[in-house]
Amino acid sequence: MFKTLKYQYYLFISLSLGVLVILLATNVIFYLYTESIIEKNIVQNKLQTTQKVQEQLDAMLTEMNNISISVNASNYIQQVLRDIPYDRNENYFDNEPQVSKEVRDVLYSITSLQPIKGSIVIVSRYMDYISLGSNANHQTMSKENVADVPGVPELMQTNRISMDHILLLPHKERWSEEGKQVISLIRPIRDNFNVYGIIEISYDLEHFEQLFSFNEDSSGAGFMIVDERNNVVLNRLSEGTGLSESDFFRGDLFTRSSGNLEMKGAGGSTYAVTFAKSGNEDWVIAMVEDISAYKRPIIVLRNTTIAIYILTVMITLVFLYIYTLGITRPIRRLKRSILDMDAKDLNKFVYSSSTNNEIMLLGQAFKNLLDEIQIHIKRTEQAHRNEMTANMAALQAQINPHFLYNTLSVISAHGLKKGNHDVVEMSTALSEMFRYVTKQDSRQTIIAKEMKHIQNYLMLMERRYEGLFQYEIDMDPGIGHVQVPKLVLQPFVENMFQHAFAARKPPWRIQVNTMVTLDRWCIEFIDNGVGMDEQTIGRFYERIEKFKTTGEMLGADQESEGIGVVNAFSRLYLMDPEGAYISFHNREDEEGGAMIRIGGTYKHVSNRAD
């Protein structure tokens, strides 16, 4: 399918798919990351709200408990209750208005003269009672009725001395005709041995419900307060939630101090429940919210992310189309130019028009063009090789002077006759050099023969500069069989006499070292001459790189400095283009001078002739 598409459309589709995948992945990662943060913050906020309600509820229960403890700790009230005489019918506080007034004054002082949220009732052990509170319509009760009030007889029993207090669940107030719903705390008034009465602190239920008034909006589904004994303290769930009271009697609400969970309603709706456990009583406050309202910010985020993604995709597609149209315009122009050149100039280009892909057409046209160019390249390479052969022959002709062997033989014989062995040795060395130079059997030789040749040369130079020049050759036996171009080493030692020693007073010294590593061979030429400046070293490298690029050797008419060294390495490079190398360095010791290294690829042989 893609073969028939134009390259612009192919590029547009490919880039679009890549960008769409990247944008999708980026938006999904952004959404999931942001959703987790928002959900975490929502849960944390709801949990903090529930804990705040729990703290306010605990504060009210603590206030009730502290009032009861203060009343119990009042010596005056304990003394009054202890001194009340037994009367079967009459209420002591009705008959003693002064005592009643003083008791109420004590209660006012305990409550710090603050408005009471309900009522305070004190009952003696003989069922005499006195009340104080916001409910004015206190009903008159007989002692028999007082004795029947739940919680009163239980705390009056001296054998229940260990009982601290009783917290009564929401009920109608027993001491008022209004019958408001209240939550009551009952505590015995006692010393270490006897119970003299009880105090009941009752707070109107509406004060507790006001703690949850903020939740009475469209998102809140109500709240529930339960205790560990599976009692419902307060149920204010909205109608229609489908949640039953038994759903809240589960262990995970009582094993943790706070948390959140989800519950399923009867109609399939899901509700988010955040809960917190009271620190004073075994109550658990659970606040319920519809999950859809609970996650409304997340839904807004999801819709916003989708809208941004669609908008970004549309803008990106327009941009990519314009971009691909622009970058393929030169390719289309080039295709037309090549096709025109094929038709007008070369007349040999063959291409298939079965595809509309400009790149494929361009490739076919260039393939035909390259076929023609390849023919010319082969011809050029052959001409270049011929030129290199001619250059090598010319260079060797420059190095190979012709001498007369007969003259050297006569000189050697005369020296032997006269007993001058130095003349014999020098004539023999010079004869070996001429024979090595003029022998035309091959343009290649081995390093062992090359080293013998420069040894003869250095021996002659040592005789010439007797007492002024010394040389040393360190020959690694493993390097002798390596193939190199003929007369490749002599230019390096000749260069030292021509340039290194020209401006330096004797004594002069040359050291030639050979070495072999795992896959490389190396020869070092070290002198104690004047060394080389950075410009000279730079010219050497520049000429060598020029030869590698163009194949052009230095001619005899060019600058003479280093011509032999550069041409010698050029011949080595032609023989080993992958491994041949050369380096130029100045010595850093006190003696000074320069060091030139040449080398190439080392090939191991199992058997070789000496």
Quiz item: What is the number of the single condition among (1) open to solvent by less than 70 Å² (accessible area, probe 1.4 Å); (2) more than 17 Å from residue 224 (Cα to Cα); (3) at pLDDT below 90 that residue 47 does not meet?
Solution: (2)
Quiz item: Is there any pair linking a residue in the stretch 112-131 that is farther than 19 Å from residue 83 by Cβ to one that is open to solvent by 10 Å² or more (accessible area, probe 1.4 Å) and assigned to a loop (DSSP other than H, G, I, E, B), with Cβ under 6 Å and at least six apart or on different chains, and which?
Solution: 116/134
Quiz item: Any residue in the stretch 409-430 that is modelled with pLDDT of 90 or more and open to solvent by 70 Å² or more (accessible area, probe 1.4 Å)?
Solution: no
Quiz item: What about residue 71, is it open to solvent by 20 Å² or more (accessible area, probe 1.4 Å) and in a helix (DSSP H, G or I)?
Solution: no
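Quick grid of which residues meet (1) farther than 30 Å from residue 233 by Cβ; (2) in contact with an Asp or Glu (Cβ under 6 Å, 6 or more places away or on another chain); (3) modelled with pLDDT under 80; (4) not in a helix (DSSP H, G or I):
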residue: 101; (1), (2), (3), (4): yes, no, no, no
residue: 105; (1), (2), (3), (4): yes, no, no, no
residue: 109; (1), (2), (3), (4): yes, no, no, no
residue: 122; (1), (2), (3), (4): no, no, no, yes
residue: 162; (1), (2), (3), (4): no, no, yes, yes
Self-check item: Residue among 64, 60 that alone is open to solvent by less than 90 Å² (accessible area, probe 1.4 Å), within 19 Å of residue 189 (Cβ to Cβ) and either modelled with pLDDT under 90 or not in a helix (DSSP H, G or I) (or both)
Solution: 64
Quiz prompt | the stretch 267-301 - residue that is out of contact with any Lys or Arg (no Cβ under 9 Å at 6 or more places or on another chain), closer than 15 Å to residue 52 by Cα and of a type outside the set (A, V, I, L, M) and, of those, modelled with the lowest pLDDT | solution = 280
Quiz prompt | Selection status of residue 534, more than 24 Å from residue 445 (Cα to Cα), surrounded by fewer than 20 Cβ atoms within 10 Å (Cβ to Cβ) and more than 55 Å from the chain's Cα centre (by Cα) | solution = no
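The values are calculated or read from the model by the stated rules, or taken from the named source; none is laboratory data. Please read these numbers as outputs of a predicted model, since none were measured by experiment. So basically every Cβ, Gly included, is an ideal-geometry build from the backbone, and we count neighbours across all protein chains shown. Calculation scope for accessible area: heavy atoms of the full protein, side chains included, ligands and nucleic acids excluded. Shrake-Rupley method; radii C 1.70, N 1.55, O 1.52, S 1.80 Å.
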